[in-house]
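To start, the structure itself, in structure tokens.
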Amino acid sequence: KEGMDVPPALARAIAAIDGPAYLLDSLWNARAWNRPAAALFVGWLDGALDKGGDRNLLRYVFLSPVARKIIPDWQARARRVLAEFRADSSRHLEDAELEALVDDLRGRSALFSQCWSEHAVVDRTGGERTFDHPREGRLRYQQIAFALANRPDFKLVMLVREAPLKRRR
């Protein structure tokens, strides 16, 4: 979209954050992210898509086989992600790009199609997020999301690490 470039100072601020952090646009395309986010989000922000790949969070959650492996209780989490997206995008549901994204996902994911038809809306963009990372094991974070005062089309998401879980042998 026109004017959707990430200001360099904002990109540097995201890069300087210790934990995973990423910037989403109004369609939930990742526009900027830091190294910890690239390391955490295998198959989305880790460079696996650099050959013309898609950085859309909904496509990642609903279509990526990797997402199903690293997101515990994938189906419930996918439902909640979509409900949060619906709440986030409720102001521009008639947007042509949004309609195209929804149509694409409805055609490619039965779960997305079913969830979209349910019209669930959740305005909770924080809380615990857990991942089963292929190299690091079970990781637990608190998610914090920020709206940017001068860029309402962007949302900054940060994941703050919880204390490591004790592994049972």
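The values are calculated or read from the model by the stated rules, or taken from the named source; none is laboratory data. Keep in mind it's a predicted model, so treat the numbers as computed, not measured. As a convention, Cβ positions derive from the backbone with ideal geometry for all residues, glycine included, and neighbour counts pool all protein chains shown. Ligands, DNA and RNA are excluded from the accessible area calculation, which covers all protein heavy atoms including side chains. Shrake-Rupley method; radii C 1.70, N 1.55, O 1.52, S 1.80 Å.
Got the relative contact order for the range 2-41 handy, in percent, Cα pairs under 8 Å and 6 or more residues apart?
On the way: 45 pairs, mean separation 14.6, N = 40.
Once normalised by length, the contact order is 37 percent.
What is the range 81-143's relative contact order, in percent, from Cα pairs under 8 angstrom and six or more apart in sequence? Spell out each step's value before the answer.
On the way: 54 pairs, mean separation 20.8, N = 63.
The value is 33 percent.
Relative contact order (percent) for the chain, with alpha-carbon contacts under 8 angstrom and 6 or more residues of separation? It would help to have the intermediate numbers written out before the result.
Working: 246 pairs, mean separation 35.5, N = 169.
Answer for the chain is 21 percent.
For the range 39-128, with all protein chains present and a 1.4 Å probe, just round the carbon and sulfur fraction of the accessible area to a whole percent.
Within the range 39-128, the accessible surface is 50 percent carbon and sulfur.
List the GluC sites (Glu not before Pro) within the range 86-166 that DSSP assigns to loop and that have no more than 16 neighbouring Cβ atoms inside 10 Å. Walk me through the numbers on the way to the answer.
On the way: sites: Glu94, Glu97, Glu99, Glu118, Glu128, Glu136, Glu162; in loops: Glu94, Glu136, Glu162.
Here the GluC sites (Glu not before Pro) that fit, given the DSSP loop and packing criteria, are Glu94, Glu136, Glu162.
Could you report the chain's accessible area per residue, 1.4 Å probe, as an integer in Å²?
Values: 9420 Å² over 169 residues.
So the chain comes to 56 Å² accessible per residue, rounded to a whole number.
Using only the Cα atoms of the range 60-104, build the gyration tensor, take square roots of its eigenvalues as a ≥ b ≥ c, and label the shape rounded, prolate or oblate: rounded if a/c is under 1.5, else prolate if a/b is larger than b/c, else oblate.
It is oblate, given that a/c is not under 1.5 and a/b is not larger than b/c.
Quickly work out the Glu128-to-Asp5 label distance, labels modelled 7 Å from Cα along the C-beta direction, and quote it in nm with one decimal.
4.3 nm
Tell me which trypsin sites (Lys or Arg not before Pro) from the range 23-104 have a DSSP coil assignment and no more than 11 other beta carbons within 10 Å of their own. All intermediate terms of the calculation are to be shown ahead of the outcome.
Numbers: sites: Arg31, Lys51, Arg55, Arg59, Arg68, Lys69, Arg77, Arg79, Arg80, Arg86, Arg91; in loops: Lys51, Arg55.
For trypsin sites (Lys or Arg not before Pro) across the range 23-104 that sit outside H, G, I, E and B with at most 11 neighbouring Cβ atoms in 10 Å, the list reads Lys51.
Please list, by residue number, every one of the trypsin sites (Lys or Arg not before Pro) in the range 96-127 that is coil in DSSP and has at most 14 other beta-carbon atoms within 10 Å.
Values: sites: Arg106, Arg108, Arg124; in loops: Arg124.
Taking the range 96-127 and a limit of 14 other Cβ atoms within 10 Å, the loop trypsin sites (Lys or Arg not before Pro) found are Arg124.
What full-extension length gain, to one decimal in nm, is calculated for Ser90 and Arg68 as 0.36 nm per residue of separation minus the Cα-Cα distance? Walk me through the numbers before you get to the answer.
Values: separation 22, 0.36 × 22 = 7.92 nm, distance 2.64 nm.
Gain in length upon complete extension: 5.3 nm.
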